[in-house]
There are 2 protein chains.
Amino acid sequence: MRPFFVCLSCRRIQACMPYLPMHQMKTNFHFTGEDVNLSVLKHRAYNLRWAMVPEGVIPLTAADPDFPCAPQIREAIMRFTDSGYFCYGPPEGYAFFRESVARFFSEKRKVNYSPGCIMAVDSAAAGIFMTCQAYLQSGDEAIVFDPIDFLFRHSIEAVGGKAIPFPVPMDPKGDLDFELLEKLAGPKTRMICVCNPLNPTGKVLNKNELKSLVEFATKHNLLILSDEIWSDIVFEPAVFTSIASLSEESFKRTITITGFSKSYGLAGLRAGAVLTPDEDSFSRIMTASGHQSTVHGCNSLGQVAATAALDECQEWLSAFLSHLSLMRNKAVSELNAMPGISCPAPDGCYLVFPDIRATGLSPAQLQENLLNQAKVAIVPGLPRWFGDKADGHIRICFATSDEILSEALHRMKNHLNTIL
Amino acid sequence: MRPFFVCLSCRRIQACMPYLPMHQMKTNFHFTGEDVNLSVLKHRAYNLRWAMVPEGVIPLTAADPDFPCAPQIREAIMRFTDSGYFCYGPPEGYAFFRESVARFFSEKRKVNYSPGCIMAVDSAAAGIFMTCQAYLQSGDEAIVFDPIDFLFRHSIEAVGGKAIPFPVPMDPKGDLDFELLEKLAGPKTRMICVCNPLNPTGKVLNKNELKSLVEFATKHNLLILSDEIWSDIVFEPAVFTSIASLSEESFKRTITITGFSKSYGLAGLRAGAVLTPDEDSFSRIMTASGHQSTVHGCNSLGQVAATAALDECQEWLSAFLSHLSLMRNKAVSELNAMPGISCPAPDGCYLVFPDIRATGLSPAQLQENLLNQAKVAIVPGLPRWFGDKADGHIRICFATSDEILSEALHRMKNHLNTIL
């Protein structure tokens, strides 16, 4: 006999929502060490994180939070699961998801997308990939920032295109060099890829920079591929602006990509969205997606979770951001106090990307030393992951508790003080 | 204040598994009309089913059951969701999933795959697609049965290959013509695609046929791509055999694909598996998959659901199969009693594929008439969906309750009796 439940509010058996543990109720988002469940993370957190590092090592690696998702997301999944139906969904995504994404962009990003031009996809990465499939031919060129996460270059090259690096400042406060950018455009250039906020440097592009990018794209008749997966993770006084929101011109030139892994900790549920300006571009990307044939698509619970995130978890997200802001300050100040490390403060992303050249070690050497001797895992700034300009840097994710971050930074500091 | 729950067995608040409604407890798998929740289906069942047909129409269309999934699957999803962690999973799939698939194949299919050579994928369709990406070059030929579901041809053509149709009998009891098959192999032939049981005719290949297919593949040095997504849905006395289980030769030549949508009603969770004979073929398909870059992958809850299905739902599956067997008998006998319809009994799949040529109507005409006048939706045997031999046939899915199936067949019979 399995256990079943009675609701303490209404006294009915069976007919209520699944329970919520008290410590995860809405009023109590503290993001403390107690909220981090290491025994679960050690079984579930891959991509260089807890399930992949030796016992005793603290991973500050993949950009994935150490905290569980908001309780509203768990509840939404349980409610949907309760009826037991996981039928074929619509290839373009459920209407409730597309409407929620449209509402969010209208209210929070000041840009009006039609739900009919929004597609649920199997991660932001999939959205970037299928946009490149839809818009690039073999031999076409696309401009990508350097440094930047490898996904743009990977997707461009996978469809036979060429990624043209646009060097950007390592300091998030530094200015883009638009004269240099101008020299990169040629007859084969079809697209400019924007990652805003910028992983790994944490730069948040301001309105003037975005306007100049739109002017550049317009002059050369380029598509703008705007990866906004980090757009919620922005630290005051920096302000995020969706490039599509700037003007009619920017709207019609832009394919916007978003996802739910960074803000809400849902990487494993594999949900993202592609937002297109019109039916033509929507149908072009839909054709490339493999959704119509059922080869690919976004699973139903991923859409349920993402919808709950957008509709019900903005308060949770604010609390998460407040915590992240403290962690950013701690990471930056402690890293700058370590010998050989220089760490500008990011304006966005829960990542720092310090310059480690003064340690005399390569990123790969420092990574190995930290892993073996300090028991801290970090991501080396390898050119194949982040572009040529990333060399001499390491990437550290600070989306964890104060306790874990403090311990990891303490270990790093001791190690560097010992060897330098 | 949200409701929370106390367990009636242990009296503790909060610490138990989510509840199960009594009518869905394990002892009660009846697959009656009461188990079909039309109000949910009308919101969730796409791919030509309840959410896509006009009010009052009964859809016997996409091969997706009208019943909710087994309660053990719901529980497993809720247990996994309870901790709130949806981290990045491993690109090849969670170990628990890969081990469960390996165990199932060893016990039920008599073929020993190493868990390390099994990949979790975003649907059986995705598995077929990435195998074609991994093994076919532009200009390569692959043999596909005719009639057959469009996915093989679609995947072969998407990578620049050519699908060579191998006509097979429309009657599931009919024999394969191996002399004809021999004539189809040429210098560019790289692969033979096997869908067993065969959608749409319901043929279950017997051991002798499978052995002859292996001989043919060996003689011409072909890869065997074996889509076994229907392998649980086989009606006695027919017996399913995995082609990889026949011999060492068949094992090493075969990539086996499976999924969980047909047997367990999980299409919307998008989970499947690719089973490869060795590390080389595993790594070749992994490279093609886009999983390492996170562009694609199988979501964590899909893997959780599939694992519960294989480990805990075999009793549920037997009950489902018993019900399906009754529905098959009903569909076949009632269809054969309708004017102009000739319907052989399928040995596998919950589909019938009757010949409707004697009605004088094309499949598309009959589809339209049935939809508009009889309020029943069926799938026309269009060559683009099922191959050239499918013309003159319609496909009907009978994975529903006796009540719904009887009503739909009654409407069809009345309609045909009126017009013929």
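Could you tell me whether chain A comes out rounded, prolate or oblate from its Cα gyration tensor? Rule is a ≥ b ≥ c as square roots of the eigenvalues, rounded for a/c under 1.5, then prolate if a/b exceeds b/c, otherwise oblate. Oblate is the answer for chain A, as a/c is 1.5 or above yet b/c matches or exceeds a/b.
As an exercise, use a Förster radius of 45 Å and the Cβ-Cβ distance of A:Leu321 and B:Ala158 to find the FRET efficiency, rounded to the nearest 0.05. Present the calculation step by step, with values, prior to reporting the outcome.
Working: r = 42 Å, r/R0 = 0.93.
After rounding to 0.05, the efficiency reads 0.60.
Shown is the FRET efficiency for B:Arg79 and A:Lys330, computed with R0 = 45 Å from the Cβ-Cβ distance and rounded to the nearest 0.05: 0.80. For a label point 7 Å from the Cα of A:Val239 along Cα→C-beta, name the residues of region A:88-124 whose backbone N is under 19 Å from it. In region A:88-124, the label zone of A:Val239 (backbone N under 19 Å from the point 7 Å along Cα→Cβ) covers A:105-112. Each of A:Thr32 and B:Thr32 was given a label point 7 Å from its Cα along the Cα-to-Cβ line. The distance between the two points is 5.2 nm.
Look at the dipole of the protein assembly as shown built from charges on Cβ: of B:Ile156, B:Asn37, B:Val332, the Cα furthest out on the positive end belongs to B:Asn37. Give me the one-decimal nm value for the distance between modelled label points at B:Ser114 and A:Glu249, 7 Å along each residue's Cα-to-Cβ direction. My value for the distance between the label points is 5.9 nm. Each of A:Phe386, B:Phe178 was scored by other Cβ atoms within 10 Å of its Cβ. Arranged with the fewest first, they read B:Phe178, A:Phe386. The H on the amide N of A:Val194, modeled in the peptide plane, is under 5 Å from the matching H of A:Leu225, A:Ser226, A:Asp227, each at least 5 residues off or on a different chain. For B:Tyr113, the residues whose amide H sits under 5 Å from its own are B:Ser106, ignoring neighbours fewer than 5 places away on the same chain, with H placed 1.01 Å from N. Taking 27 Å as the straight-line reach from the Cα of A:Lys183, the lysines in range (excluding those fewer than 8 positions away in the same chain) are A:Lys162, A:Lys173, A:Lys203, A:Lys207, A:Lys211, A:Lys219, A:Lys252, A:Lys389.
Using the beta-carbon distance between B:Lys183 and A:Asn417 and R0 = 60 Å, what value does 1/(1 + (r/R0)^6) give for FRET efficiency, to the nearest 0.05? Kindly include the intermediate steps, with their values, before the conclusion.
Values: r = 77 Å, r/R0 = 1.28.
Once rounded, the FRET efficiency stands at 0.20.
Annotation for A:Ser106 and B:Gln365: the two label points, set 7 Å from Cα along the Cα-Cβ direction, are 4.7 nm apart.
Could you line up A:Ser406, A:Ser289 from fewest to most neighbouring Cβ atoms inside 10 Å? Don't skip to the answer; put the middle values down first.
Values: A:Ser406 16, A:Ser289 26.
By the 10 Å Cβ count, ascending: A:Ser406, A:Ser289.
Going by neighbour counts of Cβ atoms within 10 Å, the residues B:Arg384, A:Arg328, A:Arg79 line up, fewest first, as B:Arg384, A:Arg79, A:Arg328.
To the nearest 20 debye, what charge dipole does chain A have about its Cα centre, counting +1 at the Cβ of each Lys and Arg and -1 at the Cβ of each Asp and Glu?
On the way: 38 positive and 44 negative charges, 135 e Å.
Dipole size: approximately 640 debye.
Magnitude of the charge dipole for region A:81-312, about its Cα centre and with charges confined to Cβ atoms of Lys, Arg (+1) and Asp, Glu (-1), is about 200 debye.
Read-outs throughout are calculated quantities, based only on the coordinates presented, and are distinct from any laboratory measurement. Quantities reported herein were computed from a predicted structural model and do not represent experimental measurements. Ideal geometry is used to build each Cβ from the backbone, glycine not excepted, and the neighbour counts take in all protein chains shown.
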